[in-house]
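The values are calculated or read from the model by the stated rules, or taken from the named source; none is laboratory data. Because the structure is predicted, anything quoted here is derived from the model rather than measured. Here the Cβ positions follow ideal geometry from the backbone for every residue, glycine too, while neighbour counts run over all protein chains shown. We work out accessible area using only protein heavy atoms, side chains counted, and drop any ligands, DNA or RNA first. Shrake-Rupley method; radii C 1.70, N 1.55, O 1.52, S 1.80 Å.
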Amino acid sequence: MTTETAGSAAASGNAATDRFRQSGKKSTVAADAERIDRLASKLIKAANDIVLEERVSYEEFNALKAWLIKVGEDGEWPLFLDVWVEHSVEDVATDHREGNKGSIEGPYYTPDAPEQASPATISMREDESGTPLLFQGQVRSTDGAALSNAKVELWHADEAGFYSQFAPGIPEWNLRGTFIADDEGNFKIQTMQPAPYQIPTDGACGQLIAAAGWHAWRPAHLHLKVSAPGHELLTAQLYFPGDEHNDDDIATAVKPELLLDIQPAAEGNGVQTTYDFMLDPV
Ligand code: MBD
Ligand code: FE
């Protein structure tokens, strides 16, 4: 934390909640009473089983009630669900794929980041601090065919671990961009290596983490959405070898195939990495 402040958990939580409300994701499930009955009954039974098995007291029950109220007040439902549940939803959604299976989206995606043709430099501050990172690769179909004009959306935290639009004092589209690959599906993006991310410690999720004696860290990561006409959208994260939290990500979103191969930059300073994506036809 040098030139910027973390802001509060409630500020980033509420921004993530607003973002979710605007995304239109909430209204797409049909009200199928049978399915709702099945899922809600299982969830309620799981809660009751825990109470009976663990002999949960009134004090503990009330602490839970107060904590759940605080999750809402802090706007941290997106954070809570994305950190502790989304990885299983992502497994179910992508286990049929032959190409990349990807990883969770998390709470800090914003659509419609400014578009640039590859090669390009992501939007960043003039004095953006960090290690320059050249991120390049190719987008292909699972049959091996290059996907011309594939789209690569990239967003990630800065060197202090903060995301634009969710922490104060950062330009709106900082370290966010939409990149159009060339005729052969090749992309080449100059950016700045992100720092590990710490879940806000002053909100409800941070309170739970501290009370349970857990740590609040995600390893440093790049977020991506890779798409091409006629192919399934890939949502992924990529990680840096050697990060101490690759093996105990609080969000359980690291997979071995998502680790980058980081090399010294061939030109200039910093590092470079090549990662190819394979998309499944729809
Ligand atoms: C993040 O940056 C993130 O990617 C996830 C999944 C949860 C919290 C913060
Ligand atoms: Fe993230």
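In terms of accessible area, using a 1.4 Å probe and ignoring ligands and nucleic acids, 80, 20 rank largest first as 20, 80. A viscosity of 0.890 mPa s and a temperature of 25 °C, combined with the Kirkwood radius over C-alpha pairs in the Stokes-Einstein formula, give the chain a diffusion coefficient of 120 µm²/s.
Here the contact order of the chain, divided by its residue count and restricted to Cα pairs under 8 Å and six or more residues apart, works out to 23 percent. Note on residue 243: accessible area is roughly 30 Å² with a 1.4 Å probe, heavy atoms of protein only. Accessible area per residue for the chain, computed on protein heavy atoms with a 1.4 Å probe, is 53 Å².
When the surface is traced with a 1.4 Å probe over the full set of protein chains, residue 36 keeps roughly 90 Å² accessible. Note on the chain: helix-only mean residue ellipticity at 222 nm, from DSSP H runs of 4+ residues weighted -39500 (n - 2.57) and normalised by residue number, equals -9000 deg cm²/dmol.
With both residues required to sit in segment 169-282, DSSP beta bridges show an antiparallel share near 90%.
Could you compute the net charge surrounding residue 233? Neighbours are other residues with a C-beta less than 13 Å from the C-beta of residue 233; K and R count +1, D and E count -1. Computed value for this residue: -1. Mean-square fluctuations from a GNM of the chain, with a 10 angstrom spring cutoff on Cα atoms, peak among 267, 53, 73 at 53. Largest accessible area first, the listed residues 45, 255, 225 line up as 45, 255, 225 when surface is computed with a 1.4 Å probe on the assembled protein chains.
If you sort 257, 244 by accessible surface, 1.4 Å probe, largest first, the order is 244, 257. For the chain, DSSP calls about 70 percent of its internal beta bridges antiparallel.
When the chain is treated as a GNM, springs tying every alpha-carbon pair under 10 Å, which of 16, 181, 47 comes out with the largest mean-square fluctuation? Result for the chain, Cα springs under 10 Å: 47 fluctuates most. For segment 137-238, applying the loop criterion from DSSP together with a ceiling of 15 other beta carbons within 10 Å to the chymotrypsin sites (Phe, Trp or Tyr not before Pro) yields 214.
So, with a 1.4 angstrom probe, what is the percent of accessible area on the chain that is carbon and sulfur?
On the way: 8210 of 15060 Å².
Looking at the chain in its full context, I get 55 percent from C and S.
Look at the alpha carbon pairs under 8 Å that are at least 6 residues apart: their mean separation over the length of segment 76-165 gives a relative contact order of 23 percent.
Under 5 Å between amide hydrogens, built in the peptide plane, is the criterion, and for residue 192 it picks out 133 among residues at least 5 positions away or on other chains.
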